[in-house]
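Okay, so here's the structure we're looking at.
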Amino acid sequence: MKKNCILFAFVLLSVFLTSCNNKSDEYIDPRGTDYAGSESCVQCHQVQYNMAFQSSHFKATAPAISENVLGDFDEGQHTFIYDKNTKLVMEKRNDSLYQVLYKNGKEVEAHRFEIIFGIKHAQTSVYWRDNNTYELPISFYNSINNWATSPGFPADKPYFDRMVVKDCYSCHASNISSRNVNQSSEEKNFLSMEVEDIIDKKTIVYGIDCERCHGPAKKHVEFHLKNPNVKTANSITSFKNLNRQQKLDACALCHGGNDGMKMKSRFDFKPGDNLSDFYRNTRSVSDTANFDVHGNQFRLMAQSKCFINSEKMDCITCHNPHENASKNMASYSKICMSCHQGLKHNEKTLKIMPEKLMANNCVECHMPKRASGAIKFQLSNSKQLSEYILRTHKIGIYPVDKK
């Protein structure tokens, strides 16, 4: 009886291990056979996976199902007024969410939320048309807990024709591909390059997943399933093994501005690659350029004396990329004080705030929140532009704002 129980347990274990391996082997990633998919990471890295799964990195894009979409669709402020005859209403229809345009009380057009961009500060959405995606004119902003115009959209006239092209996804998704149009022989004589005309839905990998930052993991997963006792990471990029510039490049790929000359697609970047092979900067981070607080975290940090005078400081010095930035300001102050011990504030500063309180919140004064010049929005039935506020990453001494 005992032998039978042992045999039965062994059979169950064999079936379980076989099903795990088969599941991994059967997975097909649109990026290629070297990829295993983030779900495979949870088998050994559950803590990191659970943190990352809730992060704004992981949710930088997502399918626009109800649980992913911010904002009210049932009651309250879910209508945007353009003028007395024109309004846009956020509506639930069966299991889908729509922005519906009404003129003189009659529905003119309706477009479904299909992909959402962002979740931490604001969220904009796109809909599919003719195998391309187009931005919806109204977005949700967490700072005001309300709907307002999407960045760059007017508040006096709705339109639905702003195409969101492949490159727009490169910092919000882990993969998306286009189809190349076959040209006639005459066209080929005139144009040697193929033309990208659509986005293939089947190639989307939503959000910034594990393999976007650590590289293809298929061989890594296969090795460690077969060798569970080996604790040294095999066939994967670990950030602790990258040098400082490689770490910075991996973050600056999406947090270092978007105004450089593109050399290669950002989707082709792998951790450890040189960012200069993908982007040619038009402005040096060491100059006095006023970089916008939106999307320029690396370039602003690179202008800071803290960064310039350090041989080790990088983005991970202050941030865990697996989770959202901490709301505990004291945790950042501890990092600051590891280099700035013994420094005293002057009398003028001490009159504004007690020294004990300042010691627990270096960030509020030395990395203040600033309005973005790139993003502004308007509320319903309003002509006033509202500011999009983000914390600057240029660490410095700032004049005290007068209250």
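Listed here are the residues, each with its yes/no results for (1) modelled with pLDDT under 95; (2) under 18 Å from VAL205 (Cβ atoms); (3) within 31 Å of the chain's Cα centre (by Cα).
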position: ASN22; (1), (2), (3): yes, no, no
position: ARG31; (1), (2), (3): yes, yes, yes
position: GLY37; (1), (2), (3): yes, yes, yes
position: CYS41; (1), (2), (3): yes, yes, yes
position: PRO63; (1), (2), (3): no, yes, yes
position: GLU75; (1), (2), (3): yes, no, yes
position: HIS78; (1), (2), (3): yes, no, yes
position: LEU88; (1), (2), (3): no, no, yes
position: LEU101; (1), (2), (3): no, no, yes
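Output the number of residues of the range 98-110 satisfying the condition of being open to solvent by less than 30 Å² (accessible area, probe 1.4 Å) and within 16 Å of THR133 (Cα to Cα).
1
Kindly provide the set of residues from the range 63-87 that are more than 17 Å from ASN145 (Cβ to Cβ), small (Gly, Ala, Ser) and surrounded by fewer than 18 Cβ atoms within 10 Å (Cβ to Cβ), ordered by number.
SER66
If you scan the range 258-270, which residues turn out to be open to solvent by less than 70 Å² (accessible area, probe 1.4 Å) and part of a helix (DSSP H, G or I)?
ARG266, PHE267 - these are the residues of the range 258-270 that are open to solvent by less than 70 Å² (accessible area, probe 1.4 Å) and part of a helix (DSSP H, G or I).
Which ones in the range 38-52 are surrounded by fewer than 19 Cβ atoms within 10 Å (Cβ to Cβ) and closer than 30 Å to ARG112 by Cβ?
Scanning the range 38-52 gives a single hit, GLU39.
Quickly run through the range 127-144 and pick out the residues that are surrounded by 15 or more Cβ atoms within 10 Å (Cβ to Cβ) and more than 15 Å from LEU88 (Cα to Cα).
If the condition is that a residue be surrounded by 15 or more Cβ atoms within 10 Å (Cβ to Cβ) and more than 15 Å from LEU88 (Cα to Cα), then TYR127, ASN132, THR133, TYR134, TYR141 are the ones that fit.
Can you give me the number of residues within the range 310-351 that are over 23 Å from LEU300 (Cα atoms) and either surrounded by 13 or more Cβ atoms within 10 Å (Cβ to Cβ) or within 27 Å of the chain's Cα centre (by Cα) (or both)?
Count: 2.
Sort out which residues of the range 44-65 are assigned to a helix (DSSP H, G or I) and touching a Ser or Thr at 6+ places or on another chain (Cβ under 9 Å), and write them in order of number.
Once the filter is applied, which keeps residues that are assigned to a helix (DSSP H, G or I) and touching a Ser or Thr at 6+ places or on another chain (Cβ under 9 Å), the range 44-65 yields TYR49, ALA52, PHE53.
When you look at LYS348, is it part of a loop (DSSP other than H, G, I, E, B), more than 30 Å from LEU275 (Cβ to Cβ) and among the charged types (D, E, K, R), yes or no?
Here the answer is no, as LYS348 does not meet what is asked.
Out of the residues in the range 234-257 that are in a loop (DSSP other than H, G, I, E, B) and buried (at least 17 other Cβ atoms within 10 Å of the Cβ), state the one that is modelled with the lowest pLDDT.
Among residues in the range 234-257 that are in a loop (DSSP other than H, G, I, E, B) and buried (at least 17 other Cβ atoms within 10 Å of the Cβ), the one modelled with the lowest pLDDT is GLY257.
Looking at the range 331-357, which of its residues are closer than 29 Å to ASP209 by Cα and of a type outside the set (S, T, N, Q)?
Passing the criteria: TYR332, ILE335.
For LYS369, indicate whether it is of a type outside the set (S, T, N, Q), open to solvent by 50 Å² or more (accessible area, probe 1.4 Å) and more than 30 Å from ALA155 (Cβ to Cβ).
No, not satisfied.
Anything in the range 372-387 that is without any contact (Cβ under 8 Å) to a residue 12 or more places away in the chain and not in a loop (DSSP other than H, G, I, E, B)? List them, or say none.
Passing the criteria: only LEU385.
Test PHE80 against the stated conditions and say whether it is farther than 25 Å from PHE53 by Cβ and of a type in the set (Phe, Trp, Tyr).
Yes.
Could you please let me know if HIS121 is buried (at least 16 other Cβ atoms within 10 Å of the Cβ), in contact (Cβ under 8 Å) with a residue 40 or more places away in the chain and within 27 Å of the chain's Cα centre (by Cα)?
no
For the range 167-182, what are the residues that are at pLDDT below 90 and in contact with a strand residue (DSSP E or B) (Cβ under 7 Å, 6 or more places away or on another chain)?
Across the range 167-182, the qualifying residues are SER177, SER178, ARG179, ASN180, VAL181.
Enumerate the pairs (first residue in the range 204-227 and of a type in the set (Lys, Arg); second residue anywhere and surrounded by fewer than 21 Cβ atoms within 10 Å (Cβ to Cβ)) with beta-carbon separation below 6 Å, excluding pairs fewer than 6 apart on the same chain, so at least 6 apart or on different chains.
LYS218/ASP34; LYS219/SER235
Which one of these does SER192 not meet: (1) modelled with pLDDT under 95; (2) under 26 Å from the mean Cα position of the chain (by Cα)?
The failed condition is (2).
The values are calculated or read from the model by the stated rules, or taken from the named source; none is laboratory data. Keep in mind the model is a prediction, meaning the values are calculated, not measured. Note: ideal-geometry Cβ built from the backbone for every residue, glycine included; neighbour counts use all protein chains shown. Ligands, DNA and RNA are stripped out before the accessible areas are found, and what is left, the full protein with its side chains, is counted by its heavy atoms. Shrake-Rupley method; radii C 1.70, N 1.55, O 1.52, S 1.80 Å.
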